[in-house]
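A.B. asks: One structure follows; several queries about it will come next.
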Amino acid sequence: MLTVVAFFVALGLLIAIHEYGHYRVAVACGVKVLRFSVGFGKPLFTWKGKGSDTEFVIGLFPLGGYVRMLDEREAPVDPHERHLAFNTQPLRSRAAIVAAGPLANLLLAVLLYSIVNWGGVQEPKAVLSSPVAGSVADKAGLVGGELVRRAATGDDELVPMRSFEELRWVLTQGALDGERVRLELQNTPSASPREVVMDLSVLDVRDADAQLFRKIGVMAPWTRPSIGEVMPGGAAERAGLRNGDVVRRVGNTNVVDGMQLRELIRSSVQEGKVAPQIWMVERGGQMLELEVVPDNVTDGSVSVGRINAYVGDSPEMVEVDYGLWEGLARGFERTWDVSTLTLRMMGRMLTGEASLKNLSGPLTIADYAGRSAEMGLMQYLSYLALISVSLGVLNLLPLPVLDGGHLMYYLWEGVTGKSVSDTWMEYLQRGGVAVLALMMSIALFNDISRYLAKLLAVFA
(Lines give C-alpha, C1' and ligand atoms only; values in the text may rest on other atoms or scores of the structure.)
Protein backbone atom coordinates (compact mmCIF):
# COMPACT_ATOMS: atom_id res chain seq x y z
CA MET A 1 0.00 0.00 0.00
CA LEU A 2 2.87 2.37 0.85
CA THR A 3 4.41 1.72 -2.58
CA VAL A 4 1.17 2.72 -4.34
CA VAL A 5 0.71 5.86 -2.23
CA ALA A 6 4.37 6.90 -2.58
CA PHE A 7 4.22 6.36 -6.35
CA PHE A 8 1.07 8.42 -6.92
CA VAL A 9 2.22 11.21 -4.59
CA ALA A 10 5.50 11.40 -6.52
CA LEU A 11 3.78 11.31 -9.89
CA GLY A 12 1.16 13.90 -8.92
CA LEU A 13 3.70 16.32 -7.44
CA LEU A 14 6.14 16.14 -10.34
CA ILE A 15 3.42 16.51 -12.98
CA ALA A 16 1.79 19.40 -11.10
CA ILE A 17 5.12 21.26 -10.82
CA HIS A 18 5.86 20.67 -14.51
CA GLU A 19 2.48 21.98 -15.64
CA TYR A 20 2.62 24.86 -13.15
CA GLY A 21 5.83 25.99 -14.83
CA HIS A 22 4.00 26.25 -18.16
CA TYR A 23 0.99 27.91 -16.51
CA ARG A 24 2.89 30.50 -14.49
CA VAL A 25 5.02 31.72 -17.41
CA ALA A 26 2.02 31.72 -19.77
CA VAL A 27 0.11 34.00 -17.38
CA ALA A 28 3.20 36.21 -16.99
CA CYS A 29 3.42 36.52 -20.79
CA GLY A 30 -0.23 37.59 -21.02
CA VAL A 31 -1.63 34.33 -22.46
CA LYS A 32 -5.12 33.24 -21.43
CA VAL A 33 -5.05 29.77 -19.86
CA LEU A 34 -8.30 27.84 -20.29
CA ARG A 35 -7.50 24.69 -18.31
CA PHE A 36 -4.79 23.43 -15.95
CA SER A 37 -5.08 19.64 -15.62
CA VAL A 38 -3.12 17.11 -13.59
CA GLY A 39 -4.13 13.73 -15.00
CA PHE A 40 -6.17 12.69 -18.02
CA GLY A 41 -9.64 11.25 -18.53
CA LYS A 42 -12.78 11.99 -16.56
CA PRO A 43 -12.35 14.97 -14.20
CA LEU A 44 -12.55 13.98 -10.53
CA PHE A 45 -12.31 17.54 -9.16
CA THR A 46 -12.72 20.89 -10.92
CA TRP A 47 -12.61 24.45 -9.60
CA LYS A 48 -11.82 28.03 -10.58
CA GLY A 49 -9.80 30.50 -8.60
CA LYS A 50 -11.33 33.79 -7.54
CA GLY A 51 -11.18 36.25 -10.43
CA SER A 52 -9.59 33.63 -12.74
CA ASP A 53 -10.87 32.21 -16.03
CA THR A 54 -8.70 29.11 -15.69
CA GLU A 55 -10.40 25.80 -14.87
CA PHE A 56 -8.25 23.64 -12.59
CA VAL A 57 -8.80 19.87 -12.98
CA ILE A 58 -7.61 16.64 -11.37
CA GLY A 59 -8.15 13.81 -13.87
CA LEU A 60 -8.90 10.14 -13.34
CA PHE A 61 -5.60 8.83 -14.77
CA PRO A 62 -2.62 10.60 -13.09
CA LEU A 63 -0.10 9.65 -15.80
CA GLY A 64 0.41 13.11 -17.22
CA GLY A 65 -1.11 16.56 -17.43
CA TYR A 66 -1.56 19.55 -19.67
CA VAL A 67 -2.12 23.31 -19.80
CA ARG A 68 -4.67 24.33 -22.44
CA MET A 69 -4.21 27.88 -23.64
CA LEU A 70 -6.23 30.09 -25.95
CA ASP A 71 -4.93 29.25 -29.44
CA GLU A 72 -6.27 29.99 -32.93
CA ARG A 73 -4.92 26.66 -34.19
CA GLU A 74 -7.24 24.72 -31.88
CA ALA A 75 -10.46 26.77 -31.93
CA PRO A 76 -11.80 30.11 -33.19
CA VAL A 77 -10.75 33.08 -31.06
CA ASP A 78 -12.79 36.26 -30.64
CA PRO A 79 -11.01 39.22 -32.25
CA HIS A 80 -10.95 41.15 -28.97
CA GLU A 81 -9.06 38.24 -27.30
CA ARG A 82 -6.62 37.55 -30.11
CA HIS A 83 -3.81 39.28 -28.25
CA LEU A 84 -4.30 36.70 -25.44
CA ALA A 85 -3.81 33.68 -27.74
CA PHE A 86 -0.64 31.60 -27.50
CA ASN A 87 -0.01 31.51 -31.25
CA THR A 88 0.02 35.34 -31.51
CA GLN A 89 2.79 35.76 -28.96
CA PRO A 90 6.35 36.67 -30.00
CA LEU A 91 8.77 33.79 -30.46
CA ARG A 92 10.65 34.48 -27.22
CA SER A 93 7.42 34.26 -25.18
CA ARG A 94 6.31 31.00 -26.79
CA ALA A 95 9.76 29.47 -26.22
CA ALA A 96 9.79 30.62 -22.59
CA ILE A 97 6.32 29.11 -21.93
CA VAL A 98 7.34 25.74 -23.43
CA ALA A 99 10.72 25.62 -21.66
CA ALA A 100 9.19 26.56 -18.29
CA GLY A 101 7.80 23.06 -17.61
CA PRO A 102 11.10 21.14 -17.75
CA LEU A 103 12.92 23.99 -16.00
CA ALA A 104 10.36 23.86 -13.18
CA ASN A 105 11.22 20.17 -12.67
CA LEU A 106 14.94 20.95 -12.58
CA LEU A 107 14.41 23.78 -10.08
CA LEU A 108 12.27 21.45 -7.94
CA ALA A 109 15.17 18.98 -7.94
CA VAL A 110 17.53 21.72 -6.76
CA LEU A 111 15.12 22.57 -3.92
CA LEU A 112 14.62 18.92 -2.89
CA TYR A 113 18.35 18.14 -2.93
CA SER A 114 18.95 21.33 -0.91
CA ILE A 115 16.31 20.33 1.67
CA VAL A 116 18.02 16.95 2.06
CA ASN A 117 21.38 18.69 2.44
CA TRP A 118 19.99 21.07 5.07
CA GLY A 119 17.99 18.46 6.99
CA GLY A 120 20.72 15.84 6.99
CA VAL A 121 20.52 12.13 6.28
CA GLN A 122 22.09 9.05 7.84
CA GLU A 123 24.39 7.34 5.35
CA PRO A 124 27.01 4.56 5.63
CA LYS A 125 30.53 5.69 6.41
CA ALA A 126 32.95 5.49 3.46
CA VAL A 127 34.76 2.39 4.73
CA LEU A 128 35.47 -0.22 2.03
CA SER A 129 34.43 -3.85 2.24
CA SER A 130 36.60 -6.64 0.86
CA PRO A 131 36.90 -6.23 -2.92
CA VAL A 132 35.42 -8.77 -5.34
CA ALA A 133 38.13 -11.18 -6.47
CA GLY A 134 39.63 -10.20 -9.82
CA SER A 135 37.92 -6.79 -9.82
CA VAL A 136 39.56 -3.42 -10.45
CA ALA A 137 39.63 -2.73 -6.70
CA ASP A 138 41.28 -6.09 -6.04
CA LYS A 139 43.95 -5.48 -8.68
CA ALA A 140 44.56 -1.99 -7.23
CA GLY A 141 45.58 -3.59 -3.93
CA LEU A 142 42.51 -2.87 -1.78
CA VAL A 143 41.85 -5.43 0.93
CA GLY A 144 38.84 -4.05 2.83
CA GLY A 145 38.51 -1.96 5.95
CA GLU A 146 40.12 1.15 4.43
CA LEU A 147 38.51 4.51 5.15
CA VAL A 148 38.20 6.65 2.00
CA ARG A 149 39.07 10.18 3.09
CA ARG A 150 39.04 11.86 -0.33
CA ALA A 151 38.42 10.87 -3.96
CA ALA A 152 38.46 12.32 -7.48
CA THR A 153 38.10 11.28 -11.11
CA GLY A 154 40.92 11.87 -13.58
CA ASP A 155 43.14 14.79 -12.64
CA ASP A 156 40.45 16.63 -10.67
CA GLU A 157 41.24 17.88 -7.18
CA LEU A 158 40.61 15.36 -4.41
CA VAL A 159 37.41 16.16 -2.48
CA PRO A 160 36.32 14.81 0.92
CA MET A 161 34.10 11.72 0.96
CA ARG A 162 31.58 12.18 3.76
CA SER A 163 29.72 8.92 3.08
CA PHE A 164 29.77 5.72 1.07
CA GLU A 165 27.02 7.09 -1.19
CA GLU A 166 29.26 10.00 -2.22
CA LEU A 167 31.98 7.47 -3.06
CA ARG A 168 29.55 5.41 -5.18
CA TRP A 169 28.65 8.54 -7.13
CA VAL A 170 32.33 9.28 -7.89
CA LEU A 171 32.87 5.65 -8.97
CA THR A 172 29.78 5.74 -11.19
CA GLN A 173 30.95 8.91 -12.94
CA GLY A 174 34.46 7.52 -13.34
CA ALA A 175 33.21 4.25 -14.82
CA LEU A 176 30.80 5.89 -17.29
CA ASP A 177 33.45 8.41 -18.39
CA GLY A 178 36.15 5.74 -18.64
CA GLU A 179 38.36 7.67 -16.23
CA ARG A 180 40.74 6.58 -13.52
CA VAL A 181 39.57 7.24 -9.96
CA ARG A 182 42.02 8.31 -7.27
CA LEU A 183 41.30 7.38 -3.66
CA GLU A 184 43.04 8.71 -0.57
CA LEU A 185 42.83 5.88 1.97
CA GLN A 186 43.57 5.45 5.65
CA ASN A 187 43.78 1.92 7.06
CA THR A 188 43.74 2.90 10.74
CA PRO A 189 43.27 6.22 12.60
CA SER A 190 47.01 6.34 13.37
CA ALA A 191 48.20 5.33 9.89
CA SER A 192 49.36 7.83 7.28
CA PRO A 193 47.02 8.34 4.30
CA ARG A 194 48.00 6.72 1.01
CA GLU A 195 46.71 7.20 -2.53
CA VAL A 196 45.44 4.38 -4.73
CA VAL A 197 44.53 4.68 -8.40
CA MET A 198 41.73 2.55 -9.90
CA ASP A 199 41.72 2.47 -13.72
CA LEU A 200 38.03 2.18 -14.65
CA SER A 201 38.65 2.69 -18.37
CA VAL A 202 39.08 -1.08 -18.73
CA LEU A 203 35.43 -1.75 -17.81
CA ASP A 204 32.56 -2.56 -20.14
CA VAL A 205 29.89 -0.15 -18.90
CA ARG A 206 27.00 -1.07 -21.19
CA ASP A 207 24.93 -1.96 -18.10
CA ALA A 208 25.04 0.70 -15.35
CA ASP A 209 23.61 -1.62 -12.69
CA ALA A 210 24.76 -3.65 -9.70
CA GLN A 211 27.00 -5.72 -11.99
CA LEU A 212 28.97 -2.57 -12.75
CA PHE A 213 29.96 -2.25 -9.09
CA ARG A 214 30.82 -5.96 -9.03
CA LYS A 215 33.29 -5.28 -11.85
CA ILE A 216 34.65 -2.26 -9.98
CA GLY A 217 34.84 -4.42 -6.85
CA VAL A 218 33.30 -1.93 -4.40
CA MET A 219 29.91 -3.46 -3.63
CA ALA A 220 29.02 -2.24 -0.14
CA PRO A 221 30.42 -0.51 2.95
CA TRP A 222 32.31 -2.52 5.54
CA THR A 223 30.17 -4.56 7.95
CA ARG A 224 30.86 -7.08 10.69
CA PRO A 225 30.58 -10.69 9.33
CA SER A 226 27.56 -11.60 11.44
CA ILE A 227 24.37 -13.53 10.74
CA GLY A 228 21.08 -11.65 10.98
CA GLU A 229 17.56 -12.97 10.51
CA VAL A 230 17.50 -16.66 9.55
CA MET A 231 14.71 -17.73 7.17
CA PRO A 232 12.83 -20.97 7.95
CA GLY A 233 13.76 -23.96 5.81
CA GLY A 234 16.91 -22.43 4.36
CA ALA A 235 20.52 -23.60 4.40
CA ALA A 236 21.36 -21.39 7.40
CA GLU A 237 18.63 -22.95 9.56
CA ARG A 238 19.61 -26.50 8.50
CA ALA A 239 23.22 -25.80 9.48
CA GLY A 240 22.21 -24.53 12.95
CA LEU A 241 23.18 -20.89 12.38
CA ARG A 242 21.47 -18.32 14.60
CA ASN A 243 20.83 -14.60 14.60
CA GLY A 244 23.88 -12.89 16.13
CA ASP A 245 26.48 -15.50 15.16
CA VAL A 246 29.78 -13.97 14.04
CA VAL A 247 31.58 -15.95 11.31
CA ARG A 248 35.34 -16.03 11.85
CA ARG A 249 36.43 -18.56 9.25
CA VAL A 250 35.03 -20.40 6.22
CA GLY A 251 37.18 -23.43 5.38
CA ASN A 252 40.76 -22.18 5.50
CA THR A 253 39.82 -18.53 4.84
CA ASN A 254 39.67 -16.02 7.68
CA VAL A 255 36.59 -13.81 7.34
CA VAL A 256 37.01 -10.10 8.06
CA ASP A 257 33.77 -8.53 6.85
CA GLY A 258 30.23 -9.20 5.67
CA MET A 259 30.98 -8.60 1.98
CA GLN A 260 33.71 -11.22 1.99
CA LEU A 261 31.35 -13.69 3.69
CA ARG A 262 28.64 -13.07 1.07
CA GLU A 263 31.17 -13.69 -1.71
CA LEU A 264 32.34 -16.94 -0.09
CA ILE A 265 28.72 -18.13 0.10
CA ARG A 266 28.03 -17.03 -3.45
CA SER A 267 31.11 -18.83 -4.84
CA SER A 268 30.32 -22.11 -3.06
CA VAL A 269 28.73 -23.38 -6.30
CA GLN A 270 31.39 -24.69 -8.66
CA GLU A 271 30.47 -26.22 -12.04
CA GLY A 272 26.84 -26.46 -10.94
CA LYS A 273 27.62 -28.32 -7.71
CA VAL A 274 27.54 -27.04 -4.12
CA ALA A 275 30.66 -27.56 -2.04
CA PRO A 276 29.96 -28.05 1.71
CA GLN A 277 31.73 -25.48 3.87
CA ILE A 278 33.10 -25.79 7.42
CA TRP A 279 32.40 -22.56 9.28
CA MET A 280 34.05 -21.38 12.50
CA VAL A 281 31.39 -19.34 14.30
CA GLU A 282 31.59 -17.23 17.46
CA ARG A 283 28.44 -17.46 19.60
CA GLY A 284 28.21 -16.05 23.11
CA GLY A 285 31.99 -15.95 23.52
CA GLN A 286 32.43 -19.56 22.40
CA MET A 287 33.75 -20.92 19.10
CA LEU A 288 31.60 -23.45 17.25
CA GLU A 289 32.32 -25.49 14.14
CA LEU A 290 29.35 -25.95 11.77
CA GLU A 291 28.97 -27.60 8.37
CA VAL A 292 27.06 -25.30 6.01
CA VAL A 293 25.72 -26.48 2.64
CA PRO A 294 24.42 -23.41 0.73
CA ASP A 295 21.43 -23.71 -1.59
CA ASN A 296 22.15 -23.71 -5.31
CA VAL A 297 20.11 -20.89 -6.93
CA THR A 298 20.19 -19.04 -10.24
CA ASP A 299 21.18 -15.37 -10.37
CA GLY A 300 20.53 -14.31 -13.96
CA SER A 301 22.40 -16.95 -15.94
CA VAL A 302 24.83 -17.91 -13.16
CA SER A 303 24.47 -20.54 -10.43
CA VAL A 304 25.39 -19.18 -7.00
CA GLY A 305 25.16 -20.22 -3.37
CA ARG A 306 22.70 -18.76 -0.85
CA ILE A 307 21.90 -19.59 2.76
CA ASN A 308 18.58 -17.74 3.18
CA ALA A 309 19.77 -15.48 6.01
CA TYR A 310 20.74 -11.84 6.33
CA VAL A 311 24.54 -11.74 6.08
CA GLY A 312 26.53 -8.85 7.51
CA ASP A 313 25.78 -6.42 10.32
CA SER A 314 24.53 -2.88 9.71
CA PRO A 315 27.34 -0.55 8.53
CA GLU A 316 28.61 2.33 10.62
CA MET A 317 26.48 5.38 9.86
CA VAL A 318 27.33 9.08 9.73
CA GLU A 319 25.12 12.18 9.62
CA VAL A 320 25.62 14.09 6.37
CA ASP A 321 24.31 17.66 6.37
CA TYR A 322 25.34 21.10 5.13
CA GLY A 323 24.84 24.76 5.93
CA LEU A 324 22.44 27.06 4.08
CA TRP A 325 24.61 28.23 1.18
CA GLU A 326 26.72 25.08 0.82
CA GLY A 327 23.57 22.94 0.87
CA LEU A 328 22.01 25.09 -1.87
CA ALA A 329 25.20 25.05 -3.95
CA ARG A 330 25.37 21.27 -3.65
CA GLY A 331 21.71 21.09 -4.67
CA PHE A 332 22.54 22.89 -7.92
CA GLU A 333 25.67 20.77 -8.37
CA ARG A 334 23.87 17.44 -7.89
CA THR A 335 21.04 18.48 -10.24
CA TRP A 336 23.60 19.40 -12.90
CA ASP A 337 25.57 16.18 -12.41
CA VAL A 338 22.48 13.96 -12.62
CA SER A 339 21.22 15.87 -15.69
CA THR A 340 24.50 15.50 -17.58
CA LEU A 341 24.81 11.84 -16.50
CA THR A 342 21.28 11.17 -17.80
CA LEU A 343 22.07 12.79 -21.14
CA ARG A 344 25.33 10.86 -21.46
CA MET A 345 23.54 7.57 -20.77
CA MET A 346 20.88 8.39 -23.38
CA GLY A 347 23.60 9.23 -25.87
CA ARG A 348 25.39 5.96 -25.13
CA MET A 349 22.16 4.01 -25.63
CA LEU A 350 21.62 5.67 -29.02
CA THR A 351 25.15 4.75 -30.15
CA GLY A 352 25.00 1.24 -28.69
CA GLU A 353 27.66 1.96 -26.06
CA ALA A 354 25.12 1.36 -23.29
CA SER A 355 22.41 -1.26 -23.08
CA LEU A 356 18.72 -0.41 -23.50
CA LYS A 357 18.24 -2.49 -20.34
CA ASN A 358 19.09 0.69 -18.43
CA LEU A 359 15.68 2.15 -19.33
CA SER A 360 13.17 1.85 -16.49
CA GLY A 361 9.39 2.09 -16.60
CA PRO A 362 6.53 2.70 -14.16
CA LEU A 363 6.94 -0.60 -12.28
CA THR A 364 10.55 0.13 -11.35
CA ILE A 365 9.72 3.75 -10.50
CA ALA A 366 6.86 2.61 -8.23
CA ASP A 367 9.08 -0.01 -6.58
CA TYR A 368 11.78 2.51 -5.73
CA ALA A 369 9.18 5.03 -4.57
CA GLY A 370 7.97 2.52 -1.97
CA ARG A 371 11.48 1.53 -0.90
CA SER A 372 12.63 5.12 -0.44
CA ALA A 373 9.46 6.02 1.50
CA GLU A 374 10.09 3.09 3.86
CA MET A 375 13.62 4.39 4.51
CA GLY A 376 12.45 7.83 5.63
CA LEU A 377 11.46 11.31 4.47
CA MET A 378 14.92 12.45 3.36
CA GLN A 379 15.49 9.33 1.25
CA TYR A 380 12.06 9.83 -0.34
CA LEU A 381 12.86 13.47 -1.12
CA SER A 382 16.14 12.38 -2.73
CA TYR A 383 14.19 9.92 -4.85
CA LEU A 384 11.72 12.65 -5.87
CA ALA A 385 14.64 14.90 -6.85
CA LEU A 386 16.13 12.15 -9.03
CA ILE A 387 12.84 11.50 -10.84
CA SER A 388 12.23 15.25 -11.21
CA VAL A 389 15.60 15.62 -12.95
CA SER A 390 14.80 12.68 -15.23
CA LEU A 391 11.40 14.18 -16.12
CA GLY A 392 12.95 17.58 -16.84
CA VAL A 393 15.72 16.14 -19.03
CA LEU A 394 13.35 13.78 -20.87
CA ASN A 395 11.00 16.63 -21.77
CA LEU A 396 13.88 18.68 -23.17
CA LEU A 397 14.77 15.97 -25.70
CA PRO A 398 14.15 17.12 -29.30
CA LEU A 399 11.21 14.76 -29.87
CA PRO A 400 8.25 16.51 -31.53
CA VAL A 401 5.68 15.34 -28.95
CA LEU A 402 7.79 16.67 -26.06
CA ASP A 403 8.62 20.22 -24.98
CA GLY A 404 12.07 19.87 -26.52
CA GLY A 405 10.44 19.13 -29.89
CA HIS A 406 8.47 22.38 -29.75
CA LEU A 407 11.65 24.25 -28.86
CA MET A 408 13.22 22.63 -31.92
CA TYR A 409 10.39 24.08 -34.04
CA TYR A 410 11.00 27.53 -32.54
CA LEU A 411 14.71 27.25 -33.25
CA TRP A 412 13.87 26.57 -36.89
CA GLU A 413 11.51 29.55 -36.90
CA GLY A 414 14.14 31.80 -35.33
CA VAL A 415 16.78 30.78 -37.90
CA THR A 416 14.61 30.77 -41.05
CA GLY A 417 12.02 33.38 -40.10
CA LYS A 418 9.12 31.04 -40.86
CA SER A 419 7.32 28.35 -38.88
CA VAL A 420 7.33 24.62 -39.67
CA SER A 421 4.65 23.76 -42.25
CA ASP A 422 1.53 21.85 -41.17
CA THR A 423 2.51 18.90 -43.37
CA TRP A 424 5.95 18.56 -41.84
CA MET A 425 4.47 19.12 -38.38
CA GLU A 426 2.15 16.14 -38.87
CA TYR A 427 4.98 13.88 -40.07
CA LEU A 428 7.23 14.89 -37.20
CA GLN A 429 4.47 14.41 -34.62
CA ARG A 430 3.81 10.87 -35.89
CA GLY A 431 7.51 10.07 -35.77
CA GLY A 432 7.82 11.46 -32.26
CA VAL A 433 4.86 9.40 -31.04
CA ALA A 434 6.41 6.26 -32.56
CA VAL A 435 9.80 6.86 -30.91
CA LEU A 436 8.23 7.64 -27.54
CA ALA A 437 5.98 4.56 -27.74
CA LEU A 438 9.04 2.42 -28.55
CA MET A 439 10.96 3.82 -25.56
CA MET A 440 8.01 3.17 -23.23
CA SER A 441 7.61 -0.38 -24.56
CA ILE A 442 11.29 -1.16 -23.97
CA ALA A 443 11.12 0.33 -20.45
CA LEU A 444 8.02 -1.70 -19.59
CA PHE A 445 9.64 -4.86 -21.01
CA ASN A 446 12.71 -4.22 -18.84
CA ASP A 447 10.46 -3.80 -15.77
CA ILE A 448 8.66 -7.09 -16.41
CA SER A 449 11.96 -8.90 -17.09
CA ARG A 450 13.40 -7.69 -13.78
CA TYR A 451 10.38 -8.85 -11.81
CA LEU A 452 10.32 -12.24 -13.54
CA ALA A 453 14.03 -12.67 -12.74
CA LYS A 454 13.29 -11.91 -9.06
CA LEU A 455 10.45 -14.44 -8.99
CA LEU A 456 12.61 -17.12 -10.58
CA ALA A 457 15.33 -16.44 -8.00
CA VAL A 458 12.82 -16.81 -5.16
CA PHE A 459 11.41 -20.10 -6.42
CA ALA A 460 14.71 -21.58 -7.63
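A.B. asks: So, with +1 on the Cβ of K and R and -1 on the Cβ of D and E, and no other charges, what is the size of the charge dipole of the chain about its Cα centre, to the nearest 20 debye?
C.D. replies: 500 debye
A.B. asks: Between the DSSP loop rule and a limit of at most 15 other Cβ atoms within 10 Å, which GluC sites (Glu not before Pro) in segment 260-350 are left? The partial results should precede the final answer.
C.D. replies: Details: sites: 263, 271, 282, 289, 291, 316, 319, 326, 333; in loops: 271, 316.
In loop regions of segment 260-350 (DSSP not H, G, I, E or B), the sparsely surrounded GluC sites (Glu not before Pro) are 271, 316.
A.B. asks: So, one more: Return the sequence-ordered ³J(HN,Hα) values of segment 399-407 in whole Hz as given by the Karplus equation 6.51 cos²θ - 1.76 cosθ + 1.60 applied to θ = phi - 60°, using x for Gly and Pro.
C.D. replies: Result, ordered by residue: 9, x, 7, 9, 4, x, x, 5, 5 Hz.
A.B. asks: What number, in nm² with one decimal, is the all-direction average of the projected area of the convex hull of the alpha-carbon atoms of segment 36-183?
C.D. replies: Hull-based average projected area comes out at 15.9 nm².
A.B. asks: Here's a follow-up. Amide H to amide H, which residues 5 or more places from residue 69 or on other chains are under 5 Å from it, using H placed in the peptide plane?
C.D. replies: Here 34 satisfy the definition.
A.B. asks: Quick one: go through segment 235-255 and flag any residue whose amide nitrogen is under 17 Å from the point 7 Å out along the Cα-to-Cβ line of residue 224.
C.D. replies: Output list for this probe position: 242-249, 255.
A.B. asks: Are there GluC sites (Glu not before Pro) in segment 71-161 that DSSP marks as loop and that have at most 14 other Cβ atoms within 10 Å, and which are they?
C.D. replies: Those that pass, being in a loop and sparsely packed, are 72, 74, 157.
A.B. asks: Please list, ordered by chain and number, the residues whose modelled amide H lies under 5 Å from the amide H of residue 318; skip anything fewer than 5 residues away on the same chain.
C.D. replies: Residues meeting the criterion, in which the H sits 1.01 Å from N, are 123, 125.
A.B. asks: Also, quick follow-up: Can you find, among 274, 347, 323, the residue farthest towards the positive end of the dipole of segment 273-349? Put +1 on the C-beta of Lys and Arg, -1 on that of Asp and Glu.
C.D. replies: Of the candidates, 347 comes out farthest on the positive side.
A.B. asks: While we're here: Answer with one residue from 265, 251, 203: the one whose Cα lies farthest towards the positive end of the charge dipole of segment 147-268, charges on Cβ with Lys, Arg +1 and Asp, Glu -1.
C.D. replies: 251
A.B. asks: Quickly estimate the mean residue ellipticity at 222 nm for the chain, helices only: each DSSP H run with n ≥ 4 gives -39500 (n - 2.57), and the total goes over all residues, rounded to 500.
C.D. replies: -15000 deg cm²/dmol
A.B. asks: With θ set to phi - 60° and the Karplus curve 6.51 cos²θ - 1.76 cosθ + 1.60, what are the ³J(HN,Hα) couplings of segment 127-134 in order, to the nearest whole Hz, using x for Gly and Pro?
C.D. replies: Once rounded to whole Hz, the list reads 10, 7, 7, 4, x, 5, 4, x.
A.B. asks: Compute, for residue 4, the solvent-accessible surface of its heavy atoms (probe 1.4 Å) with the complete set of protein chains present, and express it in square angstrom to the nearest 10.
C.D. replies: Only protein atoms counted, so the area is about 70 Å².
A.B. asks: Still on this structure, please answer the following. Quick check: residue separation of residue 318 and residue 426 times 0.36 nm, minus the Cα distance between them. What number comes out in nm?
C.D. replies: 33.4 nm
A.B. asks: Cα convex hull of segment 114-233: how many Å³ per residue?
C.D. replies: 163 Å³
A.B. asks: Okay, next question. Using the charge dipole of the chain (Lys, Arg: +1 at Cβ; Asp, Glu: -1 at Cβ; taken about the Cα centre), state which of 314, 178, 45 has its Cα farthest towards the positive end.
C.D. replies: 45
A.B. asks: Also, I was wondering about something else. Round to a whole number: what % of the accessible area of the chain belongs to carbon and sulfur, probe 1.4 Å? Walk me through the intermediate numbers first.
C.D. replies: Working: 14540 of 24320 Å².
Result for the chain: 60 percent of the exposed heavy-atom area is carbon or sulfur.
A.B. asks: Which order do you get for 396, 176 if you rank them by accessible area with a 1.4 Å probe, largest at the top? Mind dumping the intermediate values first?
C.D. replies: On the way: 396 70, 176 5 Å².
Largest to smallest exposure gives the sequence 396, 176.
A.B. asks: I've got another one for you. Calculate the spin-label point distance for residue 80 paired with residue 282, positioning each point 7 Å from the Cα along the beta-carbon direction, and give it in nanometres.
C.D. replies: Label at residue 282, label at residue 80, 8.8 nm between them.
A.B. asks: Taking every pair of alpha-carbon atoms in the chain, what share in percent sits in each 10 Å bin, from 0 to the bin with the longest distance?
C.D. replies: Whole-percent P(r) values from 0 Å outward: 4, 16, 25, 24, 16, 9, 5, 2, 0, 0.
A.B. asks: Sticking with this structure for a sec: Using only the heavy atoms of the protein chains and a 1.4 Å probe, how would 83, 406, 22 rank by accessible area, largest first?
C.D. replies: Working: 83 120, 406 65, 22 20 Å².
From most accessible down to least: 83, 406, 22.
A.B. asks: Could you report the accessible area of residue 52 in Å², rounded to 10, computed with a 1.4 Å probe on the protein chains as they sit in the structure?
C.D. replies: Around 40 Å² of this residue is reachable by solvent.
A.B. asks: Another question, then. Lysine pairs in the chain with Cα distance under 21 Å, only those 8 or more apart or on different chains: how many are there?
C.D. replies: Count of close lysine pairs: 5.
The values are calculated or read from the model by the stated rules, or taken from the named source; none is laboratory data. All values derive from a computational prediction rather than experimental measurement. Don't worry about glycine lacking a Cβ; one is built from the backbone with ideal geometry, like all the others, and counts go over all protein chains shown. Quick note on the areas: whole protein, heavy atoms, side chains included, nothing else; ligands and nucleic acids left out. Shrake-Rupley method; radii C 1.70, N 1.55, O 1.52, S 1.80 Å.
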